[in-house]
1. Accessible area, 1.4 Å probe, largest first: how do S93, S78, S126 sort?
2. Identify which of V160, V277, V144 has the largest mean-square fluctuation in a Gaussian network model of the chain, with springs joining Cα atoms closer than 10 Å.
3. Tell me, what is the per residue accessible area of the chain in Å², probe radius 1.4 Å?
4. Report, in whole Å, the centroid distance computed from the Cα atoms of the range 10-79 and the range 134-152.
5. For an R0 of 22 angstrom, estimate the FRET efficiency from the Cβ-Cβ distance between H248 and E185 and round to the nearest 0.05.
6. Over the chain, what is the relative contact order in whole percent, taking alpha-carbon pairs under 8 Å and six or more residues apart?
7. Only Cα pairs within less than 10 Å get springs; with that Gaussian network setup on the chain, which residue of T263, T73, T130 has the largest fluctuation?
8. Antiparallel versus total DSSP beta bridges in the chain: what percent is that, nearest 5?
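The values are calculated or read from the model by the stated rules, or taken from the named source; none is laboratory data. Remember, it's a predicted structure, so these values are computed and weren't measured experimentally. Cβ coordinates were reconstructed from backbone atoms using ideal geometry, including for glycine residues, and neighbour counts include every protein chain displayed. Heads up: the accessible areas ignore ligands, DNA and RNA and are worked out on the full protein's heavy atoms, side chains in. Shrake-Rupley method; radii C 1.70, N 1.55, O 1.52, S 1.80 Å.
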Amino acid sequence: MLPKDILDNRTAPIRSIEMLIIDQMDVLAMQNWDHISHIFEHMHLQPSQSHGVDFSRVRMWGLNGLSKFYRQTIMFSSMVVPEIQAIMNKDCSNYCGNVRFSNPYPVGGISGVSTSVPIVFHRFDSNSATRSVDDRFDYFVNRVMPDFKKDLMYHTCIFVPSYFDFVRVRNWSNGCDLDLAEISEYSKDKNVAAARDHFFHGEKHFLLYSERAHFYRRFTIKGIRHLIFYQLPSQSPKFFAELCNFMHFQNKKAGSDGNMTCTVVYCKYDIHRLAPVVGTDTAQTMLTSAKSVHMFSPGAGATDSGLA
């Protein structure tokens, strides 16, 4: 990370960069992305002072403010991160163009799920990526949650990747007086311990769990009988399999093994999250299918749910 004084003073070092390499961008996406955006916004700005530079040694295209067209930017990520494409479109202006490589997923991470609980994928429709945020919330509130408010569906864990969505779901739950515990990256240790204990013993119906909390702390959530993915994790398929396998750790007094479910909400704009979980070809089929509900049986592949 470049020092803040360099960014603020628009000095020569950040302006004269000819090669920029960023590694593990999927990990950086789990931190404050504004730091990355801040660096790119300050790349190749005209310095406010000369700082004793010998201009005879500066390339002419640099003096003419064309440095950004000659900078080579290399970004690496183990996952397809939309923020990378946004940077390429907005902040990478090399005159030779740009190239993106991404490996297909012949086998999805769902193959790593060892529980026998059927996994049901619910697709909702949306007209734009921006609108999908509200459409997802509406689908979750009106189509998914009514079935999970029943006493039969106790021990329901709701996994929410984005903290903004986390707050939105939490506020809605509090407004509906739902019996809810929560664990986020901002939760204190004593609150995390209390939430996990209350959820395991059935003192709380729902547990709201954020992706960053799992990324940084790797909690083992015990007592999950019903798992809802508000959105597939950005660190999938690793997190997807981990969370599903948490359903092995049960409170035997909470009910029978037959009363367990796993529900996933997705749309066409989640292709970069869906493909690593179910495989590239299967993801394309799910997004173009006339049916909006698909069921997977771990170890048996996808099956036609027969639901529209």
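1. So the residues, ranked largest to smallest area, are S78, S93, S126.
2. Top of the fluctuation ranking is V144.
3. 53
4. Measuring centre to centre over Cα atoms gives 45 Å.
5. Calculated transfer efficiency: 0.35.
6. That works out to 22 percent.
7. Among T263, T73, T130, the largest GNM mean-square fluctuation belongs to T130.
8. Percentage antiparallel, nearest 5: 20.
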